[in-house]
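Asker: Here's a structure for you.
The values are calculated or read from the model by the stated rules, or taken from the named source; none is laboratory data. The model shown is predicted, which means the values in this text are computed figures rather than measured ones. Don't worry about glycine lacking a Cβ; one is built from the backbone with ideal geometry, like all the others, and counts go over all protein chains shown. Protein only, heavy atoms only, side chains kept; ligands, DNA and RNA dropped before computing areas. Shrake-Rupley method; radii C 1.70, N 1.55, O 1.52, S 1.80 Å.
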Amino acid sequence: MIRIGALVSGGGTNLQAIIDSINEGRIDGKIVTAVSNKPGAYALERAAKYGIEGRVIKVKDYPDRKAYSEALIEHFKEKRVDLILLAGFMVILDPVFTEAFPNKIMNIHPALIPSFCGEGFYGLHVHEAALEKGVKVTGATVHFVDGKADNGPIILQKAVEVRDDDTAEILQRRVMEEAEWKIFPEAVALFAEGHLKVEGNKVIRAGGE
């Protein structure tokens, strides 16, 4: 059983998807800590409901991004986590964070990387850009996190249809329901079972131990 840490900033719907999968026996793991940069994040309430320790570590309490990232490193190492999930975390961390946990940090992005990703592409902005471009298909991507935004090795992707009458809010909801809440738990389960192997910038589906 792997020990999981989560970083959250908002409602925590992807955190909920992971919690549900653990409780249903589809992930051999346990969330041992959920950390938010915002005291009022509803994701912390979700965590508390399931007995998961919540912690607020605010950016403004540290002199710079590196010091903040080092505080997070210390916390997760203290909790002996095997995997860290960025579940709607809205803070860009210093590279020291990813260097401390190579191929042990996962992020979910609401588009098919390399489309609509990188700096500035978060939340509704992603779906607004997809609609403006007129793409017929969008989706979600789970990837390992490296030192650049939305750049690490891709683990899983799932496509979602874009409809002519979509608004950004409607499309956001469909991407969550049809892609994010499905492939994020699946990627965590594969990690827990030892089925993910990183070769260069590619993730290879490997046999478990």
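Asker: Return yes when G88 is surrounded by 17 or more Cβ atoms within 10 Å (Cβ to Cβ), of a type in the set (G, A, S) and modelled with pLDDT under 95 and no when it is not.
Answerer: yes
Asker: For the stretch 97-113, which positions are open to solvent by less than 30 Å² (accessible area, probe 1.4 Å) and part of a loop (DSSP other than H, G, I, E, B)?
Answerer: F101, P110, A111, I113
Asker: Please enumerate the residues belonging to the stretch 39-62 that are open to solvent by less than 90 Å² (accessible area, probe 1.4 Å) and part of a helix (DSSP H, G or I).
Answerer: A43, L44, R46, A47, A48, V59
Asker: To continue, here is another question. Considering every residue within the stretch 177-200, establish whether at least one is open to solvent by less than 40 Å² (accessible area, probe 1.4 Å) and either in a loop (DSSP other than H, G, I, E, B) or of a type in the set (S, T, Y) (or both).
Answerer: Checked against the condition, which is being open to solvent by less than 40 Å² (accessible area, probe 1.4 Å) and either in a loop (DSSP other than H, G, I, E, B) or of a type in the set (S, T, Y) (or both), the stretch 177-200 yields at least one hit.
Asker: Mind listing whichever residues of the stretch 114-154 are among the aliphatic types (A, V, I, L, M), in contact (Cβ under 8 Å) with a residue 40 or more places away in the chain, touching a strand residue (DSSP E or B) at 6+ places or on another chain (Cβ under 6 Å) and open to solvent by 20 Å² or more (accessible area, probe 1.4 Å)?
Answerer: Once the filter is applied, which keeps residues that are among the aliphatic types (A, V, I, L, M), in contact (Cβ under 8 Å) with a residue 40 or more places away in the chain, touching a strand residue (DSSP E or B) at 6+ places or on another chain (Cβ under 6 Å) and open to solvent by 20 Å² or more (accessible area, probe 1.4 Å), the stretch 114-154 yields V145, I154.
Asker: Answer yes or no as to whether Y68 is open to solvent by less than 60 Å² (accessible area, probe 1.4 Å) and touching a helix residue (DSSP H, G or I) at 6+ places or on another chain (Cβ under 8 Å).
Answerer: Against the criterion (open to solvent by less than 60 Å² (accessible area, probe 1.4 Å) and touching a helix residue (DSSP H, G or I) at 6+ places or on another chain (Cβ under 8 Å)), Y68 qualifies.
Asker: Let me ask another. Could we say that S9 is open to solvent by less than 30 Å² (accessible area, probe 1.4 Å) and closer than 22 Å to I92 by Cα here?
Answerer: Against the criterion (open to solvent by less than 30 Å² (accessible area, probe 1.4 Å) and closer than 22 Å to I92 by Cα), S9 qualifies.
Asker: Pairs needed: first member in the stretch 1-27, farther than 18 Å from R173 by Cα; second member anywhere, open to solvent by 10 Å² or more (accessible area, probe 1.4 Å) and of a type in the set (D, E); C-beta distance under 6 Å; at least 6 residues apart or different chains.
Answerer: Here the result reads M1/D28; I2/D82; R3/D82, each pair linking the stretch 1-27 to a residue that is open to solvent by 10 Å² or more (accessible area, probe 1.4 Å) and of a type in the set (D, E).
Asker: Let me ask another. Which condition from (1) closer than 23 Å to R174 by Cα; (2) within 14 Å of the chain's Cα centre (by Cα) is the one that Y42 breaks?
Answerer: (2)
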